[in-house]
1. Of the conditions (1) surrounded by 12 or more Cβ atoms within 10 Å (Cβ to Cβ); (2) charged (D, E, K, R); (3) out of contact with any strand residue (DSSP E or B) (no Cβ under 9 Å at 6 or more places or on another chain); (4) closer than 30 Å to TYR81 by Cβ, GLU136 fails just one. Which one is it?
2. Can you tell me how many residues in the stretch 79-109 are over 18 Å from GLU13 (Cα atoms), modelled with pLDDT under 95 and not assigned by TED's automatic domain parsing to the domain that holds ARG7?
3. Just the residues that are over 19 Å from GLU58 (Cβ atoms) and touching a Gly at 6+ places or on another chain (Cβ under 6 Å), please, taken from the stretch 10-27.
4. Test GLU59 against the criterion of being farther than 30 Å from GLU125 by Cα, of a type in the set (D, E, K, R) and part of a strand (DSSP E or B), and give yes or no.
5. Report whether or not ARG21 is surrounded by fewer than 17 Cβ atoms within 10 Å (Cβ to Cβ), at pLDDT 95 or above and basic (Lys, Arg).
Amino acid sequence: MREVTFRIHHAGEPECEVSARHPEVRYRSVSSMTGSGPERKRIAELTGPPAEIDAFVEEFREFDLIVSAEPLAPIEGTHAYVALTIDASAADWDGIGERFSRMGIHYRTGTTISGGVERWTAYLEDDDDLSAVMSELERGGNDVELARNVELASIERSP
């Protein structure tokens, strides 16, 4: 098994578009998307300068598919948790996690986004075709870069 990390600019997705305009803010998904209907919910952690976090949230709300983006507490420090409601029917919703799931690939939850780029770590079996995985991730005009590809057994973990 291999641990593979991809850097993906997810074309047209609010998280990447707003993140590209606010590179000082780091977006981290702390909950998976809930629901199977048109509205999906997620909690994200934003870190960075308070004024930039506030601007990030304001710009994020401007996207048609964003139903709401509400900080769970006042933005006072260098991080904020934001409850997001997304109208998945308002766009051709095809998340990266959903693509990995359809391909039967394990992936690490809690993706991070900064500077307009999503960072995803996946776990590929020996018979998984890396080029086919990358082609699926590139579908829809996404820019995909292979950032890391190592044998899982070679990774040393602290106890």
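1. For GLU136, the exception is condition (4).
2. 1
3. Within the stretch 10-27, just ALA11 meets the criteria.
4. Details: farther than 30 Å from GLU125 by Cα: yes; of a type in the set (D, E, K, R): yes; part of a strand (DSSP E or B): no.
No: the conditions fail for GLU59.
5. On the way: surrounded by fewer than 17 Cβ atoms within 10 Å (Cβ to Cβ): yes; at pLDDT 95 or above: yes; basic (Lys, Arg): yes.
The answer is yes for ARG21.
The values are calculated or read from the model by the stated rules, or taken from the named source; none is laboratory data. Note that this is a predicted model, so its numbers are computed, not measured. All Cβ positions, even for glycine, are placed from backbone atoms using ideal geometry, and neighbour counts span all protein chains on display.
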